[in-house]
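The values are calculated or read from the model by the stated rules, or taken from the named source; none is laboratory data. Keep in mind it's a predicted model, so treat the numbers as computed, not measured. Don't worry about glycine lacking a Cβ; one is built from the backbone with ideal geometry, like all the others, and counts go over all protein chains shown.
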Amino acid sequence: MTVARSKTYLFNKKEVELARIGKVLSHPARVAILKILSQRTECVCGEIVEGLPLAQATVSQHLKELKSIGIITGTIDGPKSCYCVDWKKLESVKNSIDGFLDEIKNNHRECC
């Protein structure tokens, strides 16, 4: 029996990282969470949950995904969880996306 595996090893580091960023940002709840966090200097997880039509466990999973690419940081202090946007990482993500878009635009050839 053949086991399906990701073939990300076939691509360069920049392509893999950009795809990972795109995957994490592809969910509207994560976009909404970033918007909520951008309006605060820190945020308790419960406040984020109140701003979304999702269960606390679902919001926590989305926070975990955003944290996995470093776009947010978070600390847990007993029952409180505080999350913030990592503005340096967000700028790095923006630069990666801009660089990619510039690259494909510069490679553009007329077709069809």
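Overview of values
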| item | result |
| --- | --- |
| Any hit, the stretch 21-34, residues being over 23 Å from residue 7 (Cα atoms), touching a Leu at 6+ places or on another chain (Cβ under 6 Å) and touching a residue at least 40 places away in the same chain (Cβ under 8 Å) | no |
| Qualifying positions in the stretch 28-41 - surrounded by 14 or more Cβ atoms within 10 Å (Cβ to Cβ) and not hydrophobic (A, V, I, L, M, F, W, C) | 30, 40 |
| Total residues in the stretch 62-89, condition at negative phi, without any contact (Cβ under 8 Å) to a residue 24 or more places away in the chain and surrounded by 14 or more Cβ atoms within 10 Å (Cβ to Cβ) | 5 |
| Filter pass, residue 47 being acidic (Asp, Glu), part of a helix (DSSP H, G or I) and more than 13 Å from the chain's Cα centre (by Cα) | yes |
| Set 110, 103: member being of a type outside the set (Gly, Ala, Ser) and in a helix (DSSP H, G or I) | 103 |
| Near pairs, Cβ below 8 angstrom, 6+ apart or cross-chain, from the stretch 90-112 (in contact (Cβ under 8 Å) with a residue 40 or more places away in the chain) to any residue that is surrounded by 10 or more Cβ atoms within 10 Å (Cβ to Cβ) and acidic (Asp, Glu) | 96/17 |
| Residues that are touching a Cys at 6+ places or on another chain (Cβ under 9 Å), at pLDDT below 90 and aliphatic (A, V, I, L, M), drawn from the stretch 35-74 | 44 |
| Identity of the residue in the stretch 74-98, among the charged types (D, E, K, R) and assigned to a strand (DSSP E or B), that ends up nearest to residue 37 (Cα to Cα) | 80 |
| Among residues of the stretch 71-112, those that are aromatic (Phe, Trp, Tyr) and touching a Gly at 6+ places or on another chain (Cβ under 7 Å), counted | 1 |
